[in-house]
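Worksheet: the structure to be examined is printed underneath.
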Amino acid sequence: MTPGPRPPLSSSASSPGPMTRPPPPGSAPQDPNSPHMQNALRRPSTTSGPPTMPSSPLMQRPPLPNGPPSSGSQSHPSPLQRPPPVGGVQRVSSPMMRPNMSLPGSPGMPRPYQSPQIQSRPPPFMGQGQQGSAPGSQPAAPMGYNAGPPNGGPTGYAQHPSQPTTPRMQHQTQQPPGFQSPMNQQQQHQQHQQQQQQTPQFAPQQLMQPPMQGQDPAASGMVVGPPTPTPQMGGAQKPKRVYPTGMNSFQEPTSSYDTGFQPAAAQGVPPPQFGAADPSMQAPGQGLFVPGEKQAPTFGHPVPAYQQGLQPLAGQPLQPGVNQLAGQMGGMNLNAGYAGQGPSLSTVALMGTAPKIFDLEAPPPTINLPANASITQSPHANCDPSYKRSTLNAVPATSQLLTKSRLPFGLVITPYRSIKEGDEPVPVVSDSVIARCRRCRTYINPFVKFVEGGQRWKCNMCYTLNEVPSSFDYDSQTQQPVDRWQRKELNHAVVEYIAPTEYMVRPPQPLVYMFVIDVSYPAIQCGMVATAATTILESLDRIPNDDGRTKIGIITAASGEPQMLVVSDLEEPFLPQPDDLLCNLSECRSTLDILLNRLNDMFKDTQNVGNALGPALQSAYKLISPVGGKILCLQASLPNIETGALKVREDPKLLGTSKESTLLQSASSFYKTFAVDCSKSQVCVDMFLFGSQYSDVATLSCLPRFTGGSTFFYPAFTAAKSEDALKFAHELAEFMSQRIALEAVMRVRASKGLRMSAFYGNFFVRSTDLLSLPNVPRDQSYSIEISFDDNLTIPTVCFQTALLHTSSSGERRIRVLTLALPVTNSLSDLYMSADQVAITTLLACKAVERGMNSKLDDARDALTNKCVDILGVYKTHMTAASNGATPNLQICDNLKLMPLLTLGMLKHVALRGGSQIPSDLRSYAMHLFSTLPSQCLIPYIHPRFYALHNMPEHCGTIGTDGIQMPQPMNLSSERLERAGLFMLEDSQNIFLWVGREAVPALCNDLFGVPNYESIRGGKTTLPTLETDFNQRINLIIGKTREMRRTPYYPQLYVIKEDGDAALRLWFLSHLVEDRAEPIMSYYQYLGHLKDRVNNGSF
């Protein structure tokens, strides 16, 4: 298609264009939208001259001032052109589109002297406003553990004199006196979502034009298309580092979901602006030249002295990031073939740029339900993702579409999530009016429909009509009519009912704790018995005992004094005294205090190395099976007597081979059989394992796996180390004080055509879809895979989880979680709605199941194959390069971290290959993979990494949102500095990395020692000093231990750069983006995925 002829030059602005005819005098203005005018615009002119096609604004030449308009213009020419508004650019619709009313006074044509391509192109390296620094420039160093103050004075912490000045990044500046608190992550994500939702749909034949400033794109009839990110055009020389432009050049890759801090500048230095690295995220007009404002230095202009020092690598030109380049080339519309199916579908390139780890904290994709899907407008009508989230927030209409997409389809459920400060409590319906479908037994929820004047309601699962209960609109307590639209079950997706007697087969059970404590010689020597007795004694007041029915019992696996009841027959254990072995916590408190105070002294001189765990478990089961309850096993040695005896089977020759999976399976059938019996009697078993040697975690963790319990593992435990004793005491106390659910059953219902096909977690499957849970611990997660029975012909599907349980206060309750999702026939909608966090959680559970039942190699291959399938299908069906090899990997924005999370699982202790990982550590990591909620599993797979020596001044202080955390960094060793201090945490451990050239001032302020050589590495407790830096670091560590919903207490390790080699390797193994034999680095893994995608067929 060639551009039209150039308009003739003329000084008159009122002469018509070469393809327009002036209307006769006195005639009414013609409607440009009429068919006659549309045909006139499309047909070539019949006047003299060669036939031409009407030119669109994208093909016009820039009009001259006061000259005639181009043939494609729809507005009458004006003698004088109005100058463009500051900060915005006006646009005009294409002749092939329906034009709209122009703004008053606007000429309705492109900006003078600029083509629309130039107008829509953002200037390179511009941030929000015009106060940003030029690329390659260095902002002023902050006050902290860096190179000193900006003016070179003695204030602050100078770098080691033997080292050259370290180039400073933009985030290493201080706040000016007028610093304004930045937006938090939720506010930034809401702003990002609003910008995406304002982007209307566009068709392939439509041209992409940004709207005018202040004008709604949908209302103006103009079309805005998401830019197609493209690979970064590199320089002539290959970089030696993995992040040539992100790390060693002008700026860090930013994200819409950063932690919200904004650094400050030194005196006299304008603060750098954050959050505008991606032009597609900017408001219209930002980043353009504004007359009268001071502009940032650009290429070819001298850079101020305070901005010099941050230069590119040798031989590499300074160039914009991938996102900026993608924004400039967004008009090419490489995705036009599929863009009309989803306005928010945005394709990003994976290779050539560091992953944006900020998005790991982002909420899942928005659930776009049809209008009026809910009968109320409550913001809580759909389930919160912390309770239940789906891997796909748009359900495919057919099983063929799901198979074509290669995306996993399942649910991640945390039904008994803990309530933190600021969380809404679960609403409780206390009037015993429970409306359920008479056919499928679905509970009434916000997505049902009332018919026949409100007398009946239609089930949203099976569409059966049901009678509304007569007391549904009546409050039995106040004896007054109530508004049904205010009922909690119609306004909240998460609700609890107080169950009537028909939901009980027996009275609600009391809370029962039966402790089975190993008192063998290893348990006494390591200090486990003394620590456990002291912790239980101090936690008795924290155990839930609202109704005064809580009972406590203690069983030891060895002989004792005459006051104790001894079971001598270990082959057929019996109860020596059938009654009164469980003492009431309120009535026998003094007796419990005496026993727990003397427990350690009773066995302090024992030399018995035997551990009769099996008989002790059988005795405990016979004791509490008529009532139900919890058995807490505290074991410091391997069971070696009679029933349930185990042998040391750790064979180093099997580690890293195909037979390693046999070490991850149970070695004795007794424990699995015993767990099934416990599940039938509503008895839960929890394991606390203390292993100075082999503990066979794989076998003993079978008990919690099938009874809904939990496993805690303390390798090389010794109470002589206060850090070990503190971790165990904290976790045991928190675990005992939790308000849990007792004697529970859980069922997940789905709309007709869907069914639950596989379950992952700690439970026992009683029937095809009924899960038996003797206990439901706080914050334990369950994953469920979904399959199709039939195609879907409905616009919305629902998943409802019902948990019938007894609360810790003795009430029988039903917790209902309802999640509604739209149905789609579009492949792009599926990819646009995919939740990478939920997908990772489900794939982690599937990999653990595969690794235990088959081989670890099969589990690792399955993860990589799934990642290749997702990338290959997206390349084939969702990008322009559907056939042939491509130089880059592309995926939708909401799945861009899937390869990184997959690599994190491959490098994790649970699945990593090699012969250096003990089977106990691997089995425990697999247990955490299967039970951790998504909030804790993601940092367990991809740890958080912070730089503390140069963090902004507000980090580590208490703000409006609590303690302010630093900005996380990518997991790469290139972030480490020899004079730096770094923190890495994975929700189970916290590491402090201290560089070998840390300045003495840092060592003194943080550790209270004069120099680096005096720092003690290893497991430690950070001292509490009066210095500001020490208090800030302690606050950051404290928040890290408390901000997640688990009872786990991360321990602190200090890693010196030239310290213990084992600790150094342990720390470096968490840096996922680095190469660690035999696993590839992140960029090598992307190259491997790209080769497989290009060579495969999807």
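The values are calculated or read from the model by the stated rules, or taken from the named source; none is laboratory data. In this text, all values refer to a predicted model and were calculated from it rather than measured experimentally. Every residue, glycine among them, receives a Cβ derived from its backbone with ideal geometry; neighbour counts consider all protein chains shown. Protein only, heavy atoms only, side chains kept; ligands, DNA and RNA dropped before computing areas. Shrake-Rupley method; radii C 1.70, N 1.55, O 1.52, S 1.80 Å.
Just to be sure I understand the filter: pairs with C-beta atoms under 9 Å, separated by 6 or more residues or on different chains, first member in region 1012-1027 and touching a residue at least 24 places away in the same chain (Cβ under 8 Å) and at negative phi, second member of a type in the set (Ser, Thr, Tyr) and open to solvent by less than 80 Å² (accessible area, probe 1.4 Å). Which pairs pass?
Gly1017/Tyr1053; Lys1019/Tyr1053; Thr1020/Tyr1053; Thr1021/Ser722
Checking the condition in contact with a strand residue (DSSP E or B) (Cβ under 8 Å, 6 or more places away or on another chain) and not polar (S, T, N, Q), which residue from Glu1026, Glu985, Glu997 passes?
That would be Glu985, the only listed residue that is in contact with a strand residue (DSSP E or B) (Cβ under 8 Å, 6 or more places away or on another chain) and not polar (S, T, N, Q).
Does region 796-806 contain at least one residue that is more than 30 Å from Phe674 (Cβ to Cβ), surrounded by fewer than 21 Cβ atoms within 10 Å (Cβ to Cβ) and free of Cβ contacts under 8 Å to residues at least 60 places away in the same chain?
We begin by selecting, within region 796-806, every residue more than 30 Å from Phe674 (Cβ to Cβ); these are 796-800.
Narrowing the set further to residues that are surrounded by fewer than 21 Cβ atoms within 10 Å (Cβ to Cβ) leaves 796.
In the following step, the residues that additionally are free of Cβ contacts under 8 Å to residues at least 60 places away in the same chain were identified as none.
No, that holds for no residue.
Check Asn888, Asn950 and return the single one that is touching a strand residue (DSSP E or B) at 6+ places or on another chain (Cβ under 7 Å) and surrounded by fewer than 21 Cβ atoms within 10 Å (Cβ to Cβ).
Asn888
Here's a check for you: in region 719-755, which residue that is aliphatic (A, V, I, L, M) and surrounded by fewer than 19 Cβ atoms within 10 Å (Cβ to Cβ) is nearest to Thr1046 (Cα to Cα)?
Top of the filtered list is Ala733.
How many residues, within region 389-415, are of a type in the set (S, T, N, Q) and either in a loop (DSSP other than H, G, I, E, B) or open to solvent by less than 20 Å² (accessible area, probe 1.4 Å) (or both)?
The initial filter retains those residues of region 389-415 that are of a type in the set (S, T, N, Q), namely 390-391, 393, 398-400, 403, 405, 414.
Then drop every residue that is not either in a loop (DSSP other than H, G, I, E, B) or open to solvent by less than 20 Å² (accessible area, probe 1.4 Å) (or both), which leaves 390-391, 393, 398, 405, 414.
Counting residues in region 389-415 that are of a type in the set (S, T, N, Q) and either in a loop (DSSP other than H, G, I, E, B) or open to solvent by less than 20 Å² (accessible area, probe 1.4 Å) (or both) gives 6.
Mind checking which residues of region 973-991 are open to solvent by less than 10 Å² (accessible area, probe 1.4 Å), within 26 Å of Tyr1083 (Cβ to Cβ), of a type outside the set (D, E, K, R) and not in a loop (DSSP other than H, G, I, E, B)?
If the condition is that a residue be open to solvent by less than 10 Å² (accessible area, probe 1.4 Å), within 26 Å of Tyr1083 (Cβ to Cβ), of a type outside the set (D, E, K, R) and not in a loop (DSSP other than H, G, I, E, B), then Phe982, Met983, Leu984, Phe991 are the ones that fit.
With (1) under 30 Å from the mean Cα position of the chain (by Cα); (2) farther than 20 Å from Ser539 by Cβ; (3) open to solvent by 10 Å² or more (accessible area, probe 1.4 Å) as the list, and Ala716 as the residue in question, which single condition is left unmet?
Unmet condition: (1).
Is it the case, given these coordinates, that Ser781 is touching a Pro at 6+ places or on another chain (Cβ under 6 Å) and either surrounded by fewer than 21 Cβ atoms within 10 Å (Cβ to Cβ) or modelled with pLDDT of 95 or more (or both)?
yes
What number of residues in region 992-1023 are within 33 Å of the chain's Cα centre (by Cα), farther than 27 Å from Pro715 by Cα and exposed (fewer than 15 other Cβ atoms within 10 Å of the Cβ)? Give the steps one after another, and end with the answer.
We begin by selecting, within region 992-1023, every residue within 33 Å of the chain's Cα centre (by Cα); these are 992-995, 1006, 1017-1023.
Filter again for farther than 27 Å from Pro715 by Cα, leaving 995, 1006.
Subsequent filtering for residues that are exposed (fewer than 15 other Cβ atoms within 10 Å of the Cβ) retains none.
Residues in region 992-1023 being within 33 Å of the chain's Cα centre (by Cα), farther than 27 Å from Pro715 by Cα and exposed (fewer than 15 other Cβ atoms within 10 Å of the Cβ): 0 in total.
Counting only residues that are in contact with a Phe, Trp or Tyr (Cβ under 7 Å, 6 or more places away or on another chain) and closer than 21 Å to Phe764 by Cβ, which one in region 814-825 is surrounded by the fewest Cβ atoms within 10 Å (Cβ to Cβ)?
Ile814
Considering region 653-666 alone, what residues qualify as being surrounded by fewer than 17 Cβ atoms within 10 Å (Cβ to Cβ) and among the small types (Gly, Ala, Ser)? Spell out how you get there, then give the answer.
Of all residues in region 653-666, those surrounded by fewer than 17 Cβ atoms within 10 Å (Cβ to Cβ) come to 653-654, 656-659, 662, 665.
Result: Gly656, Ser658.
Can you tell me which residues in region 1024-1070 are open to solvent by less than 40 Å² (accessible area, probe 1.4 Å), assigned to a helix (DSSP H, G or I) and touching a helix residue (DSSP H, G or I) at 6+ places or on another chain (Cβ under 8 Å)?
Phe1029, Asn1030, Ile1033
Select, from Lys622, Lys647, the only residue that is in a loop (DSSP other than H, G, I, E, B), surrounded by fewer than 24 Cβ atoms within 10 Å (Cβ to Cβ) and over 33 Å from the mean Cα position of the chain (by Cα).
Lys647
Name the strands (runs of 3 or more DSSP E) wholly inside region 683-751 in which the number of residues that are more than 21 Å from Arg649 (Cβ to Cβ) and at pLDDT 95 or above is 3 or more. Steps first, please.
Working: elements: 683-691, 711-715, 741-750.
By residue number, 683-691, 741-750.
For Gln967, work out the one condition from (1) in a helix (DSSP H, G or I); (2) open to solvent by 20 Å² or more (accessible area, probe 1.4 Å); (3) touching a residue at least 12 places away in the same chain (Cβ under 8 Å) it doesn't fulfil.
The single condition Gln967 does not satisfy is (1).
Quick one: how many residues across region 601-615 are open to solvent by less than 40 Å² (accessible area, probe 1.4 Å) and under 20 Å from Ala530 (Cα atoms)? Even if it seems obvious, please write down each step before you answer.
Let us first name the residues in region 601-615 that are open to solvent by less than 40 Å² (accessible area, probe 1.4 Å), namely 603, 606, 610-615.
Then keep just the ones that are under 20 Å from Ala530 (Cα atoms); that gives 603, 606, 610-613.
Looking only at that region, the number is 6.
Please determine, by comparing only the residues of region 483-513 that are open to solvent by 50 Å² or more (accessible area, probe 1.4 Å) and outside any loop (DSSP other than H, G, I, E, B), which one is farthest from Ser625 (Cα to Cα).
Taking the candidates together, the pick is Trp485.
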